[in-house]
Amino acid sequence: MKKRFFVMLMVSFFFTISIFGSKLVINSYNGDPEPKRVMNLLVENFKDLHPDIEVELNIFAMEDYKTLLRTWLPSQDAPDVVQWFSGERMRYFAQKDLLLPIDDILGDSFDDYFPAAFKTACTYDSKLYFVPESWYWWGVYYKKSMFEKLGLSTPKTWEEFINICGKIQAAGITPITIGTKYLWTTGAWFDYLNMRVNGLEWYTEFLDGGIAYNDAKVKKAMSYWQELVDNEYFNDDHSSLSWQEALTRMINDEAAMYLMGQFIKDSTPEEMRDDLEFFSFPVIDSSIPVYQETPIDGWMVPKNARNREDAKLWMEFVAGNVYQGIVSKELGRLAANKNVPVPNEDAEKGLEMIMESKGVMGFYDRDTDPEMANRGMNGFVQFMMYPENLDNILNELEKERQRIYQ
């Protein structure tokens, strides 16, 4: 009797699966309005291709997502696919054996989809764990109408940059806006100043933990940042603002420039987007080649994913022209898939800037140890608030580096 009941139960289970299909759980950080709209559009496209698969899409605000991901991955109830960042941020979880290798999906055809240079950022210990979705450039954004009104030309050198900051300030406008409530925006300043002053090879060794935070070269790079802080070229309430709240200052003509990634346009009013332009971070030392930041976003499969088969279907979909074409067209990103055309003139300019550079990196909090990155960015915010404490801040960060990389 028990055996018969068990057989009937199993038949009922498989019958239910055959009727209702399987369920794919997708967790995304596309919480801003435009990326959220596009994420829902992508899921609808996937469901059209696989109508038998039930999809549960969970979208979170970015800062919440960063915290929650660390609890999802080791859970026995992990989502099936998760959006994340390439490079050190991905490798951190791969090292902890929390991700599923996906070589059986794209391992042999990776180069058919993506530039070969992307492979290092998507692998760990010779295994593929990451499917890149899109990448984007960083630049100093400004409103063309404001620059025209003030008679300003875009600066190419640090001296020219400082000169226009002074002119903007004299006009009663904050030269540079920033929101440091969530820390990471400071990473861009630290990255660019070190790339412009010390070069990418040196900076890469630094991010790998091989150079002290209180090294003389770090202090030299920070001296240019201190020049901006001491001259009060940043908004003084930055520590209480998110990056979007800081953007409002530029939208309202209260501030003139913003060092930010291309995704700034996601949160810019549509009527202002054609007025928004960018220039490359100024050259400080002409003997140092020009390097740029190009973060890569994409997808991973948790090792504890329950629905691995459908997760693989999603990863194949993510890599393809349809998915990447939608992201590129709708959001203006550069598709990671090299077969997808550049979506607009703005992206053409961004791509040209990247192609003219002598090298690229991801981002401070993606290219160094996550714990060190968090300590570092806390220190950078402290520095912006109390620049006179720079030496103490760097000495404390050096103690953290020695502890973390021991």
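The values are calculated or read from the model by the stated rules, or taken from the named source; none is laboratory data. Note that the structure is predicted; figures quoted are calculated from it, not measured. For neighbour counting, all protein chains shown are included, and Cβ atoms are generated from backbone atoms with ideal geometry for every residue, glycine included. Ligands, DNA and RNA are excluded from the accessible area calculation, which covers all protein heavy atoms including side chains. Shrake-Rupley method; radii C 1.70, N 1.55, O 1.52, S 1.80 Å.
So the values come out like this:
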quantity	calculated
Enumeration of residues in segment 371-386 that are under 15 Å from Asp230 (Cβ atoms) and either outside any helix (DSSP H, G or I) or open to solvent by less than 20 Å² (accessible area, probe 1.4 Å) (or both)	Phe383, Met384, Tyr386
Any helices (runs of 4 or more DSSP H) falling wholly within segment 125-209 and containing at least 3 residues that are over 27 Å from Glu348 (Cβ atoms)	158-170, 185-198, 200-207
Tyr124 vs. criteria at pLDDT below 95, more than 30 Å from Leu193 (Cα to Cα), of a type in the set (Phe, Trp, Tyr) and touching a Lys or Arg at 6+ places or on another chain (Cβ under 9 Å)	no
Residues satisfying the stated conditions in segment 101-120, i.e. among the hydrophobic types (A, V, I, L, M, F, W, C) and open to solvent by 20 Å² or more (accessible area, probe 1.4 Å)	Ile105, Ala116, Ala117, Phe118
Residue match in segment 246-260 (condition: of a type in the set (Gly, Ala, Ser), open to solvent by 50 Å² or more (accessible area, probe 1.4 Å), over 20 Å from Gly166 (Cβ atoms) and under 24 Å from the mean Cα position of the chain (by Cα))	no
Segment 274-299, residues that are in a strand (DSSP E or B) and open to solvent by 10 Å² or more (accessible area, probe 1.4 Å)	Glu277, Phe279, Val283, Ile296, Asp297
Condition met for Glu271 (part of a helix (DSSP H, G or I) and out of contact with any Asp or Glu (no Cβ under 8 Å at 6 or more places or on another chain))	yes
Residue match in segment 65-85 (condition: buried (at least 21 other Cβ atoms within 10 Å of the Cβ) and touching a Lys or Arg at 6+ places or on another chain (Cβ under 6 Å))	yes
Residue within segment 325-335 that is touching a Pro at 6+ places or on another chain (Cβ under 7 Å) and open to solvent by 80 Å² or more (accessible area, probe 1.4 Å) present	yes
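For every residue, the table says whether it meets (1) touching a His at 6+ places or on another chain (Cβ under 9 Å); (2) under 28 Å from Ile288 (Cα atoms); (3) modelled with pLDDT of 95 or more.
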| position | (1), (2), (3) |
| --- | --- |
| Asp112 | no, no, no |
| Ala116 | no, yes, no |
| Tyr129 | no, no, yes |
| Trp138 | no, yes, yes |
| Glu148 | no, no, yes |
| Thr157 | no, yes, yes |
| Cys165 | no, yes, yes |
| Gln169 | no, no, yes |
